[in-house]
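Notes follow once the structure below has been shown.
The values are calculated or read from the model by the stated rules, or taken from the named source; none is laboratory data. In this text the structure is predicted, and so the values were computed from the model without any measurement. Virtual Cβ from ideal backbone geometry, glycine too; neighbours counted across all protein chains shown.
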Amino acid sequence: MTITETQSRRRTWTGPVPVQTHEPAIEVRGEMHPRFDEILTPDALDFVTALHDRFAGRRHDRLADRMRRRFEIGNGADPSFRSDTAHIREDDSWRVAGAGPGLEDRRVEITGPTDPKMTINALNSGARVWLADQEDATSPTWRNVIGGQLSLRDAIRGELEHTGPDGRRYTVTAERTPTIVMRPRGWHLTEKHLAYTDRAGRTLDASGSLVDFGLYAFHNAVRLVESGRGPYFYLAKLESSAEAQLWDDVFSFTERRLGLAHGTIRATVLIETLPAAFEMDEILFALRDHCAGLNAGRWDYIFSMIKNYRGRGARFVLPDRSAVTMTVPFMRAYTELLVKTCHRRGAHAIGGMSAFIPNRRNPEVTRAAFEKVAADKRREAGDGFDGTWVAHPDLIPIARAEFDAVLGDRPNQLDRQRDDVEVAASELIDCHIGLPITTAGVRANVSVAVRYLEAWLRGIGAVAIDDLMEDAATAEISRSQIWQWIHQDRTTDDGTPITRAWVDELVDDVIAEVERRDGDRFDDAAALFREVALGSEFPAFLTLAAYARYL
């Protein structure tokens, strides 16, 4: 047979096409700054690769589920408690694993980003738990992502210290430091500085969730267990028990790979999306061998309500952000259901973060913040929560006093069953508040969102603005309300129509009023705000476009 005949046969072959497979790999695309090689070791990258090889495909499936569910709600199919999982809800016999070592008492948890200074401040704060936040309180620059991993690595080994630009030296001085619970990025976020090549040869941005979790667990899980605590995580933005099951499988694989006993990893799930509120039992069940509790993530929950019902008419339009408190119908229903569900299953119920913060230069602002935070924590403790969040060290004694008054010497109130609570599906979507949208409320949303985005683009994820602590979740509320008010033809209480043109002018006003400085990002922030708040389409998360374009 000639070469020509062989070539002809190859051209006309109609049988099965051989599938070429590739060895999965993670490639570092980001710049290697000092000490990054201590985190991005070959073994650590192999572990992150293994996580992607097993779970990246399922992650994409779950994200597709989210899109479908959001489309269904937008087209009139209200969420409901699932009939196919009723047997899980009705079965009184099962319980979750509960608190791991160091998590028995969670009455006050401080939240914050993982840069060295904030890490040291959190460890010295006197809180029982520190939520080490790689998610909403962290702008996911490459330096922040890997730098945060370095801070945590050093803190866990007792090696962390920091010298600020002013020469001030920060060290960990507390005799007892808080138990660390790390929050990786949600399933929807990617890490573009690490590229994953799958078995089919496709190269994709890595999963932010698997990167954050994988690097932290690989470097610290065994050390944490040896110290008498453990690898603990807050899980953000979950929308279903299927997403919880995906995390549970990640945990089980990790335990096998790192030689940990099954159930060593513990997770607390933030119930901060509307779909997840209808699957609390199912989420606990999916994670039961690894679950410590649920948290009422109030700000993202409000955002999720707006996002899902943004086009469903006036009945679902919320008033000024400041008027959407924890006592409005849909927020009250969801938090009461959360406490009841948790305590029935032996899980901690952790309250959320009041946005009010003290101002050490303004005693009146501080006094008002203390009063408002105390009232918020008094309500949570009285409702049965086992602990709560604060965003500032000065608020820890305020929150602790309210929980001490209810708990006394007990570490929690898991024994308090909320049998008096019955929540119908209709109550979880009851948005009737009866208060107006004000011109001041519209202006505040524009101002806060633009100023927060400017800081986020400079790498700062948690920002004090107008004596409130703002993060990505509160910025989401601000921009999504603007979008909804425009598309639902809302008018303020003084008769001003909320239009794109008017809001566009308000953006210009904000830019004209702020103090400009070399290297600021206000022009980019204004452009980004216009895209996510004034566009015809509603981006699911403002951080997606912002990350892809600017970080």
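Of everything in the stretch 406-441 that's touching a helix residue (DSSP H, G or I) at 6+ places or on another chain (Cβ under 7 Å) and outside any loop (DSSP other than H, G, I, E, B), which residue is farthest from Arg516 (Cα to Cα)?
Filtering the stretch 406-441 for residues that are touching a helix residue (DSSP H, G or I) at 6+ places or on another chain (Cβ under 7 Å) and outside any loop (DSSP other than H, G, I, E, B), the one farthest from Arg516 (Cα to Cα) comes out as Val406.
Does any residue of the stretch 466-485 turn out to be touching an Asp or Glu at 6+ places or on another chain (Cβ under 8 Å) and either in the same structural domain as Phe370 (by TED's automatic domain parsing) or farther than 19 Å from Thr325 by Cβ (or both)?
yes
Every residue, every condition in (1) part of a strand (DSSP E or B); (2) within 23 Å of Gln417 (Cα to Cα); (3) among the basic types (Lys, Arg); (4) not assigned by TED's automatic domain parsing to the domain that holds Ala86, yes or no:
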{"site": "Phe303", "(1), (2), (3), (4)": "no, no, no, no"}
{"site": "Thr327", "(1), (2), (3), (4)": "no, yes, no, no"}
{"site": "Met331", "(1), (2), (3), (4)": "no, yes, no, no"}
{"site": "Glu336", "(1), (2), (3), (4)": "no, yes, no, no"}
{"site": "Arg379", "(1), (2), (3), (4)": "no, yes, yes, no"}
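Kindly indicate whether Asp419 is at pLDDT below 95 and either assigned by TED's automatic domain parsing to the domain that holds Ala86 or farther than 30 Å from Ala77 by Cα (or both).
Considered against the rule, which asks whether it is at pLDDT below 95 and either assigned by TED's automatic domain parsing to the domain that holds Ala86 or farther than 30 Å from Ala77 by Cα (or both), Asp419 comes out as yes.
Name the pairs whose Cβ atoms lie under 6 Å apart, with the first residue in the stretch 517-537 and under 14 Å from Glu454 (Cβ atoms), the second small (Gly, Ala, Ser), and 6 or more positions between them or separate chains?
Within 6 Å, the pairs are Leu528/Ala546; Phe529/Ala449.
Can you confirm whether the stretch 364-375 contains a residue that is touching a helix residue (DSSP H, G or I) at 6+ places or on another chain (Cβ under 7 Å), over 29 Å from Pro539 (Cα atoms) and crowded, with 22+ Cβ neighbours inside 10 Å?
yes
Check Ala50, Ala77, Ala44 and return the single one that is small (Gly, Ala, Ser), loosely packed, with under 11 Cβ neighbours inside 10 Å and modelled with pLDDT of 95 or more.
Ala77
If the Cβ limit is 9 Å and pairs must be 6+ apart or interchain, which residue in the stretch 93-110 that is not assigned by TED's automatic domain parsing to the domain that holds Val406 pairs with which residue that is surrounded by fewer than 22 Cβ atoms within 10 Å (Cβ to Cβ) and of a type in the set (D, E, K, R)?
Qualifying pairs under 9 Å: none.
Quick one: which of Ile460, Ile482, Ile477 is under 27 Å from Pro358 (Cα atoms) and not in a loop (DSSP other than H, G, I, E, B)?
Ile477
Out of the residues in the stretch 397-414 that are surrounded by 16 or more Cβ atoms within 10 Å (Cβ to Cβ), of a type in the set (A, V, I, L, M) and more than 24 Å from the chain's Cα centre (by Cα), state the one that is nearest to Asp133 (Cα to Cα).
Selected residue: Ile398.
Identify the single condition in (1) assigned to a loop (DSSP other than H, G, I, E, B); (2) touching a strand residue (DSSP E or B) at 6+ places or on another chain (Cβ under 7 Å) that Lys237 does not satisfy, given that it satisfies every other one.
(2)
Tell me which residues, restricted to the stretch 91-116, are among the basic types (Lys, Arg) and under 21 Å from the mean Cα position of the chain (by Cα).
Arg106, Arg107
List every residue pair whose Cβ atoms sit under 6 Å apart, with the two residues 6 or more apart in sequence or on different chains, where the first one lies in the stretch 237-265 and is acidic (Asp, Glu) and the second, anywhere, is assigned to a loop (DSSP other than H, G, I, E, B) and surrounded by fewer than 21 Cβ atoms within 10 Å (Cβ to Cβ).
Going by the 6 Å Cβ cut-off, the qualifying pairs are Glu255/His262.
Please work out if Asp394 is surrounded by fewer than 23 Cβ atoms within 10 Å (Cβ to Cβ) and more than 30 Å from Glu282 (Cβ to Cβ).
It is true that Asp394 is surrounded by fewer than 23 Cβ atoms within 10 Å (Cβ to Cβ) and more than 30 Å from Glu282 (Cβ to Cβ).
Determine whether the stretch 252-268 contains at least one residue that is among the acidic types (Asp, Glu), surrounded by fewer than 24 Cβ atoms within 10 Å (Cβ to Cβ) and out of contact with any Gly (no Cβ under 9 Å at 6 or more places or on another chain).
No, the conditions are met nowhere in the stretch 252-268.
Determine which single condition Pro113 fails, assuming it passes every other condition in (1) free of Cβ contacts under 8 Å to residues at least 40 places away in the same chain; (2) more than 23 Å from Leu287 (Cα to Cα).
Condition (1) is where Pro113 drops out.
Residues Gly228, Gly167: which one is of a type outside the set (Asp, Glu), over 25 Å from Val96 (Cα atoms), surrounded by fewer than 22 Cβ atoms within 10 Å (Cβ to Cβ) and out of contact with any strand residue (DSSP E or B) (no Cβ under 6 Å at 6 or more places or on another chain)?
Of the residues listed, the single one that is of a type outside the set (Asp, Glu), over 25 Å from Val96 (Cα atoms), surrounded by fewer than 22 Cβ atoms within 10 Å (Cβ to Cβ) and out of contact with any strand residue (DSSP E or B) (no Cβ under 6 Å at 6 or more places or on another chain) is Gly167.
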